[in-house]
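First the structure, in the form of structure tokens, and then the observations on it.
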Amino acid sequence: MFPIKYNYLNKMKKILIAITLLFLVKLNYAQDLVKKIPSNAFTVATIKGDNVFKLMFVKDFNESFVGKKLLTETSKSLDKNFTSIEDFGINLEKNMYYFNQLSDSITYNCFLIPLKDAAKFENLINDKDKKFKTEGDIRTMVLPDSLSIIKWNNSMMYFVTGSIKTSFFADSAKSALYGIKDVGYGSQWNNDTIIDSTAVVTPVAVDSTYMATPEPMDGQGFDPPLVKVKIQKKTPIKKITTKKNISKKKSTKRKVIVKPKKNKAVEEELVANSVVITEPDSTYMVTPPSSAYGDEMYDGYQKERAEQDAKKKQLAFVWMTAQADKIFNSNYESIESNKSYTTSLDSKAIAELWVSSLQDVYNSIAPEFGTYGKTGLMKGYGSLNAKLFMDKTSFRISTGLELAKDQADAYKKIMNRKLNKNFLKYIDSEKAIGFMGYSIDTKAYLEEFPKLMKQTYGAFLGARMDEEIELGTDLFSLLLDEEAVSKVVKGDALFVINGLNSKEVTYTSYEYDDDYNRKEVTKTKKETLPDFLFMFSSEDNRLMNKLIKYGINKNYVTVNNNIYKIEEKKSPIDIYFMIKDGIVFFGNSITELESISNGSFNTSISKTHKTLLAKNNFSFLFNAKNLVGKVPNEEIGGEETAKKFNETLGKMGNIYMKSNPIKGNIVSADISAEIPNGHENALKYLFSLIENASK
Amino acid sequence: MNLKQFYKLLLFIVLIPILSSCFEVVEEISLRNDGTGDVALTINLSQSKTKVASIMLLDSVQGYKVPSKLKIQQELSEAVAYLKKSQGISNVKSTSDFNNYIATISFSFKDVSNINNITKNILTQQKIKATNTSSYSYIKTTKTFIRKYQALSTTKTEFNKLKSKDKAVFNGATYTSIYRFESPVTNTTNPASNLSKSKKAVMLKSSIMDLINGKINVSNQIQLSK
């Protein structure tokens with residue numbers, strides 16, 4: 001026995017080691033580019049190569065319509081012959097990333113693409129010797145507009161494009177640090193003295209967060225002046241009179257390395273450690289303009305603007321170069337240290353999107369809004385994530401939003417209600433075209449609503465409004481008896497369309513006698529309309545009953561067998577309503593309401609529909625198939641239109657939406673669309689849709 | 001959720017994709033031998049009243065703004081005011097029925113040529129692009145009534161630019177013109193037109209689609225007995 005057991009254990013051990021090794025190898029192999037995304041990235045989007053190509057082999061992709069189009073177009077434009085997307089040198093089994101970084105002065109948009117074969121990738125560049133420069137195994141290429149940089153080594157490609165924030169340079173004190181002026185029309189006349197140039201020099205990088213190369217790019221084939229901020233001495237008067245001279249005078253160049261502002265923490269460090277040299281270059285007097293200078297003044301203004309824009313562009317380029325260098329050459333904390341990011345991931349997703357904080361999104365764009373900017377409107381809303389899934393049966397988009405604890409607690413209270421189970425009796429799954437159900441706790445909602453409002457908009461109204469808001473929320477609570485209201489409207493409701501019904505309608509037309517005198521006649525025709533049913537729970541019917549009584553007295557409502565009809569001339573359809581077993585029903589089909597009233601309604605809800613409605617606070621379903629062929633051709637607009645209409649509907653699977661229960665501080669919701677039969681998986685179906693659409 | 005929102009939800013789910021509707025346009029002209037006469041224009045959307053009533057509850061449909069009842073009445077009275085000021089026009093009346101969605105405008109004229117620019121101008125005033133160049137004339141000496149109509153090729157191209165969903169609106173629409181006279185008609189040049197038993201009225205029915213596409217021409221020269 002012993003040896004056998006020993007053997008067994010040994011085997012197990014070996015297997016375990018093998019598995020661990022495999023795992024390690026796998027991990028090592030899958031060294032993911034996520035490590036290159038800085039921890040302060042603001043948005044991260046991922047396309048998961050391995051998951052994508054699990055659904056569609058590279059070979060299938062190459063042979064697909066989209067693949068062929070991509071390959072032929074690229075082949076044509078580069079005058080080469082590509083037969084597979086693998087020819088682009090991209091590692092299709094790894095994740096591709098997009099991320100951006102925001103600061104008060106610049107926004108970087110960046111792509112990280114894994115490479116399998118750098119030579120193949122370089123093959124995409126024509127005249128490559130002239131266009132990029134090599135430094136070790138890192139190759140750099142500047143796109144012709146100097147607004148983007150591509151950098152790559154043997155395993156990854158990095159693309160960055162940066163845009164300077166105008167709001168930052170609108171602050172003259174800040175822009176002066178970079179030798180940039182905020183140019184307004186005629187401003188060159190208003191200043192007696194113009195500080196011509198100012199340079200900020202950061203001698204050595206302050207910390208690991210940032211490395212500025214003293215001589216960034218100075219190789220052959222690379223455009224060196226780009227990294228040098230050109231500073232010229234100029235006299236506006238001369239500029240106006242002799243334009244040609246100016247260009248010649250642009251000669252005094254000085255190399256300036258400027259350090260971009262990253263985030264507040266870095267900014268502080270920058271102030272602490274860097275040496276800022278403010279050096280007024282030249283000072284001169286400007287003679288005030290005479291009116292004859294109007295046109296020249298405008299020309300001067302245009303020129304000045306162009307110069308300043310060029311300076312900003314150069315500055316952006318310097319910053320981008322340094323940013324790209326950092327990605328390749330230094331170690332820093334990656335986004336993986338961000339818990340919000342890592343928890344948002346799902347290994348099965350095809351693509352993912354993560355935004356660090358909605359509050360920060362607002363704050364980052366807020367300065368562009370001017371004075372309202374500093375108010376923090378989205379207070380309490382944290383990170384946002386969206387994931388796309390595709391499998392054999394459906395597409396699914398899952399979204400999540402992180403809330404501050406107070407907010408999440410408020411939502412938890414509000415969502416603490418389930419849909420009235422009796423609602424489910426009135427769904428006919430066989431025929432239902434769609435439904436929408438929601439359930440909230442009215443009492444909790446009314447109690448939490450003022451708080452949420454205060455939290456979200458309080459800051460917007462300004463600190464001085466605090467007392468007024470407080471007063472308003474108290475007044476709201478005083479006027480509303482939350483408990484009483486929640487008895488009248490409990491907070492759960494269901495809207496369902498249990499199919500279509502045709503009914504006869506009358507209309508006016510004309511007939512003509514033998515002498516073609518017109519005679520008005522009433523004709524009838526059939527019209528197909530959806531039968532809808534809306535229900536909500538109500539414990540306390542006293543108010544409803546009073547309303548009904550009032551309606552009957554005023555002839556707004558008529559009653560027959562406890563079913564009320566709303567007498568509203570404007571309404572295109574008849575609306576009936578009734579109250580039964582603590583549920584208020586509204587509907588346009590008298591037969592449906594009658595069957596509910598006398599208990600003969602044929603309940604036939606499917607299990608999936610039941611789960612969808614009962615388990616979630618919000619759910620929605622649209623089943624297009626149940627519409628197919630139900631609307632008479634003549635009502636759609638002829639046989640041909642009808643055929644197309646029915647075909648489209650027939651191809652659509654169920655579309656669902658649902659909210660998920662709050663997990664931790666995250667509220668989330670899913671949207672999914674089933675794919676029609678006869679397709680292997682959602683991705684292939686998507687490709688076939690694209691192909692059909694482009695035909 | 002109030003009732004209006006109910007309808008909206010309903011509409012979005014079912015009615016929007018199928019906006020083809022039937023409507024009738026009837027143009028009636030009674031011409032006396034001395035050249036004076038009466039005109040009655042009728043637009044009848046009653047066959048589509050469920051859809052129209054539903055659309056009226058919306059702010060806009062397929063990218064077009066839906067006018068309110070008030071706006072329609074206002075435009076109608078503007079048209080009436082305009083007609084009253086027009087040369088040779090008198091006895092202007094209009095009706096609008098918002099239960100059946102029928103609107104009419106009627107007036108009398110001194111000479112049938114007074115109408116020529118009016119129809120076009122009313123259409124422009126109603127923000128409907130005038131789609132044809134048409135004219136009416138009556139030659140007293142020969143007792144000849146001439147209706148000229150020329151489908152513009154631009155009409156067709158403009159129409160073809162519309163989305164198929166929008167085009168479908170015109171699918172079931174019809175146009176009927178009736179001309180009544182004091183004297184019997186001896187000859188009509190348009191073979192599509194019909195002569196009444198009394199020979200004193202001429203009717204032409206066509207679909208608005210055919211009119212737009214130029215498949216049918218409503219031009220006619222009607223000769224009355226002398």
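Some observations on this one:
- Single residue of region A:637-663 satisfying the filter (more than 24 Å from A:Tyr438 (Cα to Cα) and in a loop (DSSP other than H, G, I, E, B)) that is nearest to the other protein chains (Cβ to nearest Cβ): A:Gly637
- Selection of region A:379-403 for residues being among the aliphatic types (A, V, I, L, M) and at pLDDT below 85 yields an empty set.
- Spans of strands (runs of 3 or more DSSP E) in region B:160-226 with at least 1 residues surrounded by fewer than 19 Cβ atoms within 10 Å (Cβ to Cβ) and touching a His at 6+ places or on another chain (Cβ under 7 Å): none
Okay, residues lined up against (1) of a type in the set (S, T, N, Q); (2) on the phi < 0 side of the Ramachandran plot; (3) in a loop (DSSP other than H, G, I, E, B); (4) within 12 Å of another protein chain (Cβ to nearest Cβ):
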| site | (1), (2), (3), (4) |
| --- | --- |
| A:Ile573 | no, yes, yes, yes |
| A:Ile579 | no, yes, no, no |
| A:Val584 | no, yes, no, yes |
| A:Glu592 | no, yes, no, no |
| A:Ser595 | yes, yes, no, no |
| A:Asn602 | yes, yes, yes, no |
| A:His609 | no, yes, no, no |
| A:Ala614 | no, yes, no, no |
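Yes/no per residue for (1) within 11 Å of chain A (Cβ to nearest Cβ); (2) farther than 28 Å from A:Asn517 by Cα; (3) modelled with pLDDT of 85 or more:
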site: B:Leu3; (1), (2), (3): yes, yes, no
site: B:Phe6; (1), (2), (3): yes, yes, no
site: B:Pro17; (1), (2), (3): yes, yes, no
site: B:Ser21; (1), (2), (3): yes, no, no
site: B:Ile29; (1), (2), (3): no, no, yes
site: B:Ile43; (1), (2), (3): no, no, yes
site: B:Gln47; (1), (2), (3): yes, no, no
site: B:Lys65; (1), (2), (3): no, yes, no
site: B:Lys69; (1), (2), (3): yes, yes, no
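- Listed by position, the strands (runs of 3 or more DSSP E) enclosed by region A:470-565 that each have at least 2 residues that are within 14 Å of another protein chain (Cβ to nearest Cβ), surrounded by 12 or more Cβ atoms within 10 Å (Cβ to Cβ) and touching a residue at least 40 places away in the same chain (Cβ under 8 Å) are A:492-512, A:518-537.
- Matching residues, region A:399-419, being β-branched (Val, Ile, Thr) and over 30 Å from A:Ala45 (Cα atoms): A:Ile414
- The set of residues in region B:85-118 that are in a strand (DSSP E or B) and of a type in the set (Lys, Arg) contains only B:Lys93.
The values are calculated or read from the model by the stated rules, or taken from the named source; none is laboratory data. These numbers were taken from a predicted model, which means no experiment stands behind them. Methodologically, a virtual Cβ is constructed for each residue, glycine included, from the backbone with ideal geometry; neighbour enumeration extends over all protein chains shown.
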